[in-house]
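Chemist: Can you keep this structure in mind? I'll have questions shortly.
The values are calculated or read from the model by the stated rules, or taken from the named source; none is laboratory data. Since the structure is predicted, the reported quantities are computational estimates derived from the model, not experimental observations. Only protein heavy atoms, including side chains, enter the accessible area calculation; ligands, DNA and RNA are left aside. Shrake-Rupley method; radii C 1.70, N 1.55, O 1.52, S 1.80 Å.
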Amino acid sequence: QVQLVESGGGLVQPGGSLRLSCAASGSIFTINAMGWYRQAPGKERELVASITNGGSTNYADSVKGRFTISRDTARGTVSLQMNSLKPEDTAVYYCNAHRWSGMDSWGKGTLVTVSA
């Protein structure tokens, strides 16, 4: 089992920055990739960014050049630095851990609101 706890959400003005963090506990040795997803009201959950144990990253086109994902594999943490935030980035952000077994673990989510 892997448990995930997110932190760092909140209210920010357009153009501002936020940093999300996620700490994994439990069987972190079973994780082969971690990432962030988001779900805006009335929309499906979508991938924002992911990073493998080897450091390979993948970003949604909508956040490329603005968001940066980083990870401490040994500690089981993953962070998302979000710059130049836009109102359309408003969503609940979920931490994800993809395990070697093919199963996914999810955090409870943290709300990011971008508004003037």
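Chemist: Report, to the nearest whole %, how much of the accessible area of the chain belongs to carbon and sulfur atoms, 1.4 Å probe, protein only.
Modeler: Working: 3090 of 6100 Å².
The nonpolar share, carbon plus sulfur, comes to 51 percent.
Chemist: For residue 90, what residues show an amide H to amide H distance below 5 Å, using hydrogens built from the backbone and excluding near sequence neighbours?
Modeler: Counting only residues 5 or more places away or on other chains, the set is 114.
Chemist: Under the Karplus relation 6.51 cos²θ - 1.76 cosθ + 1.60, θ = phi - 60°, what is the ordered set of whole-Hz ³J(HN,Hα) values for the range 13-25, x standing for Gly and Pro?
Modeler: 7, x, x, x, 10, 9, 10, 9, 10, 9, 10, 9, 9
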